[in-house]
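Since the structure comes first, as structure tokens, the remarks are kept for the end.
What follows is calculated from the coordinates using simple rules that are stated; it is not laboratory data. Because the structure is predicted, anything quoted here is derived from the model rather than measured. Counting neighbours? That spans all protein chains shown, and the Cβs are built from the backbone with ideal geometry, glycine included.
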Amino acid sequence: MSSFPIEAVRAQFPALSNNPDLIFFDNPGGTQVPQRVIDAVSHYWATSCANVGGAFATSQRTDVTVAAARAAMARLIGTPDPYEIVFGQSMTALTFHIARSFGETLRPGDEFIVTNLDHDANVAPWLDLEAAGAMIRRVPFDPTTGILDMAALEAMLTPGKTRLLAITAASNALGTMPDLKRAIELAHAAGVLVYVDAVQFVPHCSTDVRALGGDFLACSAYKFFGPHLGVLYGKREHLERLRPHKVRPAKTTIPHCWEQGTLNHECLAGVVAAVEYIESIGMEAMQRYEAELGAQLLDGLHALPEITVYGPGKTGRVPTVAFNVAGYAPRAVSEKLGAAGIASWSGNYYAVGVMEALGLPNGAVRVGLAHYNTREEIEHLLAVLQTLKK
């Protein structure tokens, strides 16, 4: 294993020390938060609790907090323009908002492309446009490898008809990372916009929206060690062209016009702290360490004859793994793991298309690693799974 300050890292997460008997592998569902995020939220409440735009000190401090959060997210995902950052209740809510506005621009014969690898938060909002006359097309993936069918995607892109491609940067079920840059290049060559679900990508990989070239990218702060809120990047030209749905007195300029109601200011203070935490560790160092843990996990799972692992091999993925144990329902496995102090998840995790393609009506067990997990925790997981026989 490469050198990584794992003990120093774990010491920054109170939930890990306060629950010493719990091994937390439900990171795809939401990560733990470092002390600095807890402190930032508390500090905001204690010193700056007010609405924005007021002529008094605490309101002005809140203005600074909101601006700092936009700047922090712009750094994290790689845009020089913080006004291309929109905050909202969740990635799901933001995506429905954008899809609704797209629906108002539909023309006869318009098509939208979604993938069977995606979380339903990047599928259902576009499916809603069928009621307005849009046609929805679905890109399959290879069930044996978990790899998206790029040839099928290319064949579906129709200049003049296809309006938008909705695609994941990393599957929340299989961990698969499609060739996102290639998908965006193909879409743009056909005059098609691209909406990227990066909820599972941003916590594990360096993100550069300008280098990728996508038009929209959505993520969730609670998946990268921050509070529960959603973040949307949109190219300025699109945010200014589409019509937002807002109350009449709200600002008409971006990004404010896309942010319905009062933002969660205390959580925005936590977003700043979460980004600063990632910067203090370094995303590349986190990614290298997680790749080593992920390889250990996959090797161990594949060595157990009772276990079927779904998805790709050790490369082209984030450290999120879905599997089943012969003779056990997924929920039963999660319960066994929970009794042994291991947090996992079971079911479809809203990856409906994935489970349908795999023929798994009850879904699968999912474990996902973060940079605060350890080699010893993986060994314990494998030891418990080894006790499960048909």
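Compute the FRET efficiency between Ala343 and His43 as 1/(1 + (r/R0)^6), taking r as their Cβ-Cβ distance and R0 = 25 Å, and round to the nearest 0.05.
On the way: r = 29 Å, r/R0 = 1.16.
It comes out at approximately 0.30.
Compute the distance in nm between two label points, each set 7 Å from the Cα along the Cα-to-Cβ direction, one at Glu379 and one at Ala332.
The answer from the label model is 3.0 nm.
So which aspartates and glutamates pass the test for Lys246, namely a Cα distance under 14 Å, with those fewer than 8 places away in the same chain ruled out?
Straight-line reach from Lys246, under 14 Å: Glu259.
Which ³J(HN,Hα) values, rounded to whole Hz and listed in residue order, are derived for the range 232-245 from phi using the Karplus coefficients 6.51, -1.76 and 1.60 in 6.51 cos²θ - 1.76 cosθ + 1.60 with θ = phi - 60°, glycine and proline given as x?
With coefficients 6.51, -1.76 and 1.60, one gets 10, 9, x, 4, 3, 4, 7, 5, 7, 7, 6, 9, x, 9 Hz.
Give, in nm to one decimal, the length gained when the segment between Glu185 and Ala152 is fully stretched (0.36 nm per residue of separation minus the Cα-Cα distance). It would help to have the intermediate numbers written out before the result.
Details: separation 33, 0.36 × 33 = 11.88 nm, distance 1.48 nm.
The span from Glu185 to Ala152 would gain 10.4 nm if fully extended.
Read phi for every residue in the range 300-305 and hand back ³J(HN,Hα) as whole Hz from Karplus 6.51 cos²θ - 1.76 cosθ + 1.60, θ = phi - 60°, with x for Gly and Pro.
x, 5, 5, 7, 9, x
Mind checking the dipole of the range 40-279: about its Cα centre, +1 per Lys or Arg Cβ, -1 per Asp or Glu Cβ, Debye to the nearest 20? Don't skip to the end; give the middle numbers.
On the way: 20 positive and 24 negative charges, 121 e Å.
Its charge dipole is roughly 580 debye.
Using amide H atoms built 1.01 Å from N in the peptide plane, name the residues 5+ places from Val33, or on other chains, whose amide H lies under 5 Å from its own.
Ala15
Please list, by residue number, every one of the GluC sites (Glu not before Pro) in the range 142-242 that is coil in DSSP and has at most 13 other beta-carbon atoms within 10 Å.
Working: sites: Glu154, Glu185, Glu237, Glu240; in loops: none.
Counting only loop positions with at most 13 other Cβ atoms within 10 Å, none of the GluC sites (Glu not before Pro) in the range 142-242 qualifies.
List the aspartates and glutamates whose alpha-carbon lies under 19 Å from that of Lys336, not counting same-chain residues fewer than 8 positions away?
Asp21, Asp26, Glu306, Glu376, Glu377, Glu379
Would you kindly state how much longer the chain becomes between Thr58 and Ala93 on full extension, computed as 0.36 nm times their sequence separation minus their alpha carbon distance, in nm to one decimal? Walk me through the intermediate numbers first.
On the way: separation 35, 0.36 × 35 = 12.60 nm, distance 2.85 nm.
Roughly 9.7 nm would be gained on extension.
I'd like to know how the range 54-126 sits against the 2.2 N^0.38 Å rule of thumb: what's its Cα Rg over that expected value? If you can, show how the numbers build up before the last one.
On the way: Rg = 16.9 Å, N = 73, 2.2 N^0.38 = 11.2 Å.
The value comes to 1.50.
Over the chain, what is the percentage of antiparallel beta bridges among all DSSP beta bridges, to the nearest 5? Walk me through the numbers before you get to the answer.
On the way: 22 of 41 bridges.
The antiparallel proportion sits near 55 percent.
State the extension gain, in nm to one decimal, for the chain segment bounded by Ala285 and Lys314, taking 0.36 nm per residue of separation less the distance between their alpha-carbons. Could the numbers behind the result be given before it?
Values: separation 29, 0.36 × 29 = 10.44 nm, distance 1.75 nm.
Fully extending the segment from Ala285 to Lys314 adds 8.7 nm.
For each pair in Lys181/Lys235; Lys181/Lys314; Lys161/Lys235; Lys161/Lys223, compute the distance between the two Cα atoms and list the pairs where it is over 26 Å.
Working: Lys181/Lys235 16 Å; Lys181/Lys314 20 Å; Lys161/Lys235 21 Å; Lys161/Lys223 35 Å.
From the list (Lys181/Lys235; Lys181/Lys314; Lys161/Lys235; Lys161/Lys223), the Cα-Cα distance tops 26 Å for Lys161/Lys223.
What list of whole percents do you get for P(r) of the chain, with Cα-Cα distances grouped in 20 Å bins up to the one holding the largest distance?
In whole percents, the pair-distance histogram is 28, 56, 16, 0.
Given springs between every Cα pair under 10 Å in a Gaussian network model of the chain, which of Gly368, Gly347, Gly300 has the largest fluctuation?
Result for the chain, Cα springs under 10 Å: Gly300 fluctuates most.
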